Amino acid sequence: MAGKKTAKKRGRRTDCTPEIIKEICEYVRVDGMTIRSAALIAGVSSTAFHYWREKALEDPKTPYGDLMKAAGKAEQLHKRSLLQKLDLGESGNLKFLLERRHSEDYGSKTKVDLKADVDVAVGWADIMKSAEDNRRKREKKA
C-alpha cells in the first residue's frame, strides 16, 4: 500500500491563514476590539467573518475554529490587562470598558421589567396630512 496516493483537496484555499489569525488576535488583545471589528480591520469582509464563525461551530478543528479559539484567548488576555491596570490604581475608563466589553462578568446585574400599553393608530392618511401641513408652514415662512 506504499504506492497509494492521497486525494488532493479541491476548492479555493481559505483566507483564514495563521497570519490573519495573528493580526485579528493582536487587535483584540491590545486594543480590546470585538473579534468582528478586528476581522474587518484585518481586511476580512463581514460576510466572510460570519461564514468563518459558522464553520468554526460546525468543525472546531478547522482554521476557523483555530481563529475563534485564539480570539477568545486574546479577549481573556485583554480583560486581564484591564484588571491589572485597575489593581495598579489606574481607573479612567477601565471600569467602563470592563462593564461594556465584558458585561457578562462586570456588567450591571439589575433587571428591569418594563410593561406598557401603547395604543398608536397612525394611518397613512395621517402621515401624509402631517407632511402636507409641514410643507405649507415652510412655504408661508419663505
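Any read-out appearing in this document is the output of simple, stated calculations on the displayed coordinates, not a laboratory observation. In this text, all values refer to a predicted model and were calculated from it rather than measured experimentally. Cβ coordinates were reconstructed from backbone atoms using ideal geometry, including for glycine residues, and neighbour counts include every protein chain displayed.
Data table
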read-out: Candidates ALA71, ALA131, ALA56: whichever shows maximal mean-square fluctuation once the chain is modelled as a Gaussian network with Cα springs under 10 Å; value: ALA131
read-out: Residue of GLY11, GLY65, GLY43 that the Gaussian network model of the chain assigns the largest fluctuation, springs spanning Cα pairs under 10 Å; value: GLY11
read-out: Most mobile listed residue (MET68, MET33, MET128) in the chain, GNM with C-alpha springs under 10 Å; value: MET128
read-out: Loop trypsin sites (Lys or Arg not before Pro), region 41-110 (other Cβ atoms within 10 Å of the site Cβ: 12 or fewer; DSSP); value: LYS61, LYS109
read-out: Segment SER37-GLU58, extension gain: residue separation times 0.36 nm, minus the distance between their alpha carbons; value: 5.3 nm
read-out: [x] 1.18; [y] 1.27; [z] 1.03, with the label sought being that of the calculated Rg/Rh (Cα atoms, Kirkwood Rh); value: [y]
read-out: Estimated distance in nm for a label pair at ARG100 and SER81, the labels positioned 7 Å out from Cα along Cα-to-Cβ; value: 1.7
